[in-house]
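> Here's a structure for you.
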Amino acid sequence: MMNKVVPGGTPGHFTGPDGTADVAVVVVTYNSSRDIGGLLMSLRTETRDLNLRVLVADNCSSDGTLGLIRRSDPDVIAFSTGGNLGYAGGINAAMRRAGDAATVLVLNPDLRVEQGSLKTMLHRLQASKAGAVVPRLLDPSGELSHSLRREPSIARTVGDAFLGRRAARRPDWLATSDFDAESYDHPHPVQWATGAALLVRRAVADAVPWDESYFLYSEEVDFFRRLRMLGETVWYEPGATMTHAGGGSGASPELNALLAVNCIRYIRKHHSAAYAAAFRGAVILSETLRCWKADRKGVLRTVLNEQLWAGLPGPTTPTPLEDFPEGSVIIPAHNEAAVIARTLAPLAPLAAAGAVDVFVACNGCTDDTAGIARGFEGVTVLEIDQASKSAALNAGDAAATRWPRLYLDADIQITPAAVRDVLAALAPGGLLAARPAVRFDLEGAHPLIHAYYGTRRRLPSTHNGLWSAGAYGLCKAGHERFAEFPDVVGDDLFVDRLFSPAEKAVLNVEPVVVRPPRTPSAQLAVLNRVYRGNTQQNRAEGRRSTARDTLQEVVRSIRGPLSAVNAAVYLGFAVAGRRGAAPAGGWERDESSRLPATPGQDSP
């Protein structure tokens, strides 16, 4: 039996893993760096009345969420799940660390808790003898959020299909959401509510683990249903108020397709095959009525074709660390505060586990690149005064002791699986040099950039060299081809030319994500630098220009009118880039692609 609420918190502080806690607060994060600080701040006011143990399960965010929490809120038990396990998987992972708390509070990271709300919810839990309690939710403007729900049914899905949020006073059997204002004015039992905030008795939480097969969406309706199947009740408490920003999972046709499919999966789990077939028909009707909307593109097709369901967003499993090939990752970084967190996020678990050594070589930084990098457990930060990529690479080599070595641009996105495969390919007796495949993220780029990279992807030479991917690896024997990195523009081209085709390879593994420049002017600036570096190295080595070879490749890539237009755009950029390849002073790079919390990197 749960103890009564007794004031006993340590104001402003959370309880550690070994202390006594009234409530274990579980938060699942994924790229939540903009929101999590506000939630934690609001929770600290609740410690005047209660002992709170706060657990944050981070699903491998790429925006530095985990490092931010560890720096700003060290009394929070924050950990990486090792992959993107989804909402249910993150909750279950946190529950395994909840300790002896008598109750569990599950919160979205984009919530703000009004002072006194947790104590009020605990009182309602005790007074009602409920299994769970949900609060009143407001939107950021202070308006009531209709967070209460009714059990999904065929009739309600049809009603929602035709009326949506209109006709709010329609009968209960025609609406999944509860739009009745009176329902939000007083405490009462409900069937279920949005999973943004719920307080659960610990015995119930332990008896009803969250179903991880949903990944995202429908996991909360399934949780509440199984809770009710145990004979427990769910109560709504309007005296507890929280503000919910909403949209934390993002919005896209792909996620909307997952939402629709998971509704069908839920009904199939808890109803007969005949009922589930009719319910699917209601979902098809709903999507047919909305298929003209941009955010519903392809949703109807996915609902109709079950073979497509396997390709919907799902959990990414942690990369096994057993037998992970050893090695070092060296990341030169000059004023990369905007992007370094997303680069380190997938690497930090490897570094923390000792699977690989990760070095960030900050060169001439005047921003917080070093501070952000130090927030990642296991990452070693080097600082040199000179703003020089080659100097940073050499500093990383001087500090590293393990081979092989992966050299990574600071604005790149790479998976642990790709790191593993590159290091494995460079094991003794294998290749001397290698890089992973590459994928260009062109979202938001100018149409001319799309045309340029449409041709670039078809050129064989771009798939054979170590250059322009922002990542390449060397084994010890390969590195012995040169003493140290020279002061040249294009270290990847320099390395590529040291090896014959038999000694190097572009590996068919999970690709790194390259974020090219967004605008034509930014692309030209990058090409100016690239061609200047190529000319510099050609002259030093007595090589001829590859312009004629590139022209022949481009012409051979033409397959029709569209590819001909793309080829013309490519050649236009190439000519303009070569003409503008005059020496320039100061640090050069593309800034248009260095946007926070957006995966990828720039590339020539």
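The values are calculated or read from the model by the stated rules, or taken from the named source; none is laboratory data. These numbers were taken from a predicted model, which means no experiment stands behind them. All Cβ positions, glycine included, derive from the backbone under ideal geometry; neighbour counts span all protein chains shown.
> Of the residues 220, 143, 151, which is in contact with a Gly (Cβ under 6 Å, 6 or more places away or on another chain) and either more than 25 Å from residue 312 (Cα to Cα) or at pLDDT below 95 (or both)?
220
This table checks each residue for (1) buried (at least 22 other Cβ atoms within 10 Å of the Cβ); (2) on the phi > 0 side of the Ramachandran plot; (3) within 22 Å of the chain's Cα centre (by Cα); (4) acidic (Asp, Glu).
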{"residue": "301", "(1), (2), (3), (4)": "no, no, no, no"}
{"residue": "311", "(1), (2), (3), (4)": "no, no, yes, no"}
{"residue": "328", "(1), (2), (3), (4)": "yes, no, no, no"}
{"residue": "336", "(1), (2), (3), (4)": "yes, no, yes, yes"}
{"residue": "358", "(1), (2), (3), (4)": "yes, no, yes, no"}
{"residue": "378", "(1), (2), (3), (4)": "no, yes, yes, no"}
{"residue": "399", "(1), (2), (3), (4)": "no, no, no, no"}
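> Let me ask something else. Here is a list of conditions, (1) at pLDDT 90 or above; (2) farther than 22 Å from residue 488 by Cβ, and residue 389 meets all of them except one; can you say which number that is?
(2)
> Quick one: would you say residue 490 is modelled with pLDDT under 95, touching a Gly at 6+ places or on another chain (Cβ under 6 Å) and surrounded by 18 or more Cβ atoms within 10 Å (Cβ to Cβ)?
Spelling it out, residue 490 is indeed modelled with pLDDT under 95, touching a Gly at 6+ places or on another chain (Cβ under 6 Å) and surrounded by 18 or more Cβ atoms within 10 Å (Cβ to Cβ).
> List pairs: first residue in segment 530-543 and at positive phi, second residue outside any helix (DSSP H, G or I) and buried (at least 17 other Cβ atoms within 10 Å of the Cβ) anywhere in the structure, Cβ distance under 6 angstrom, at least six positions apart or on different chains.
Pairs that qualify, where the first residue is at positive phi and the partner is outside any helix (DSSP H, G or I) and buried (at least 17 other Cβ atoms within 10 Å of the Cβ): there are none.
> While we're here: Is it fair to say residue 391 is part of a helix (DSSP H, G or I) and either assigned by TED's automatic domain parsing to the domain that holds residue 362 or without any contact (Cβ under 8 Å) to a residue 40 or more places away in the chain (or both)?
So residue 391 passes the test.
> Further, regarding this structure: Looking at the structure I just gave you, is residue 431 under 25 Å from residue 503 (Cβ atoms), in the same structural domain as residue 339 (by TED's automatic domain parsing) and modelled with pLDDT of 90 or more?
In short, yes.
> Restricting segment 339-353 to residues that are assigned to a helix (DSSP H, G or I) and of a type outside the set (Gly, Ala, Ser), which is nearest to residue 58 (Cα to Cα)?
Selected residue: 349.
For (1) part of a strand (DSSP E or B); (2) surrounded by fewer than 24 Cβ atoms within 10 Å (Cβ to Cβ); (3) not assigned by TED's automatic domain parsing to the domain that holds residue 217, each residue gets a yes or a no:
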| site | (1), (2), (3) |
| --- | --- |
| 28 | yes, no, no |
| 37 | no, yes, no |
| 43 | no, no, no |
| 54 | yes, no, no |
| 67 | no, no, no |
| 70 | no, yes, no |
| 78 | yes, yes, no |
| 97 | no, yes, no |
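> Since residue 146 meets every condition but one in (1) part of a loop (DSSP other than H, G, I, E, B); (2) in contact (Cβ under 8 Å) with a residue 12 or more places away in the chain; (3) under 26 Å from residue 11 (Cα atoms), which condition does it not meet?
Only one criterion is unmet by residue 146, namely (3).
> Show the residue pairs meeting these rules: Cβ distance below 8 Å; 6+ apart or different chains; first residue within segment 152-177 and assigned by TED's automatic domain parsing to the domain that holds residue 278; second residue in a loop (DSSP other than H, G, I, E, B).
Qualifying pairs under 8 Å: none.
> Looking at (1) surrounded by fewer than 19 Cβ atoms within 10 Å (Cβ to Cβ); (2) part of a loop (DSSP other than H, G, I, E, B), which one does residue 365 not meet, given that it meets all the others?
Failing condition for residue 365: (1).
> Show me the helices (runs of 4 or more DSSP H) entirely contained within segment 396-482 in which 1 or more residues are under 14 Å from residue 327 (Cβ atoms).
In segment 396-482, the matching helices (runs of 4 or more DSSP H) lie at 416-425, 476-479.
> Next up: Going by the conditions given, is residue 106 surrounded by 17 or more Cβ atoms within 10 Å (Cβ to Cβ), in a strand (DSSP E or B) and not acidic (Asp, Glu)?
Yes: the conditions hold for residue 106.
> Do you know which residues across segment 426-456 are under 28 Å from the mean Cα position of the chain (by Cα) and closer than 15 Å to residue 508 by Cβ?
Answer for segment 426-456, where residues must be under 28 Å from the mean Cα position of the chain (by Cα) and closer than 15 Å to residue 508 by Cβ: 434, 435, 436, 437, 438, 439.
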